[in-house]
Amino acid sequence: MVAEIRIKTPGLKKVERMFARQPRTIKRIMYRSINRAGTQTKGKMARLIKDRYNLLLKHIRQCLILIKPSYNRWVAEIRVRDKRIPLGNFAARKTARGASYQIERSQGRKQLKYRPEDRVFFSKLPSGHKGIFKRRGKNRLPIVELFGPSIGGILANKRRLARKIERESGVDLEKLIDDQIKVELAKK
């Protein structure tokens, strides 16, 4: 999934009119504005997801990849990895009989109980990774880690959240273009 920041033509035409004789200045203004808008959008996106889902920001940021613009390519992309997140990252804890986790902050905790057919347990590995694991079969091994949704899946299911991010990023881009115009005019 890719989040796009669209450039509205009035902002671009305004810059082109003001700096018609200075093409390098136009490129510099647009590059800086789009770069900042992309960085700010990535941060907003991570915070909005964190507000609704029980994840740490570092786990969300690992799944968001910002592809920055260049002087000639005025597009910033925020790519979202579709890698599923381990249930241990969703505020998992060990209970007397198994483990519990909470994916959405608005919902309650979900219990996974240790039963002969579902041998589920919470463990912290020597590397520091926390996870909820399940034994396959009757023996101790093999063990499989359980996963929750991916950030891409979260954004795909919550279209309203994605539209809100896109709308806010467009408004921010217009403000950043105006700020960069002021910076360039102050240099003269």
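Kindly indicate whether Ile78 is β-branched (Val, Ile, Thr), in contact (Cβ under 8 Å) with a residue 40 or more places away in the chain and part of a helix (DSSP H, G or I). No, not satisfied. Here Asp118 fulfils each of the conditions (1) in a strand (DSSP E or B); (2) out of contact with any helix residue (DSSP H, G or I) (no Cβ under 7 Å at 6 or more places or on another chain); (3) not assigned by TED's automatic domain parsing to the domain that holds Ile29 apart from (1). Selection over region 96-113 of residues that are surrounded by fewer than 16 Cβ atoms within 10 Å (Cβ to Cβ) and either touching a strand residue (DSSP E or B) at 6+ places or on another chain (Cβ under 8 Å) or of a type outside the set (A, V, I, L, M) (or both) gives a count of 10.
Per-residue answers, yes or no, for (1) touching a Cys at 6+ places or on another chain (Cβ under 7 Å); (2) under 30 Å from Val15 (Cα atoms); (3) surrounded by 10 or more Cβ atoms within 10 Å (Cβ to Cβ); (4) without any contact (Cβ under 8 Å) to a residue 60 or more places away in the chain:
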residue: Leu125; (1), (2), (3), (4): no, no, yes, yes
residue: Lys130; (1), (2), (3), (4): no, no, yes, yes
residue: Asn139; (1), (2), (3), (4): no, no, no, yes
residue: Gly148; (1), (2), (3), (4): no, no, yes, no
residue: Leu173; (1), (2), (3), (4): no, yes, yes, no
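The residue that is nearest to Lys158 (Cα to Cα), among those in region 34-60 that are surrounded by fewer than 17 Cβ atoms within 10 Å (Cβ to Cβ) and among the basic types (Lys, Arg), is Arg52.
The values are calculated or read from the model by the stated rules, or taken from the named source; none is laboratory data. Keep in mind that what you see is a predicted model, and the values were worked out from it rather than measured. Here Cβ is always computed from backbone atoms with ideal geometry, including for glycine, and neighbour counts include all displayed protein chains.
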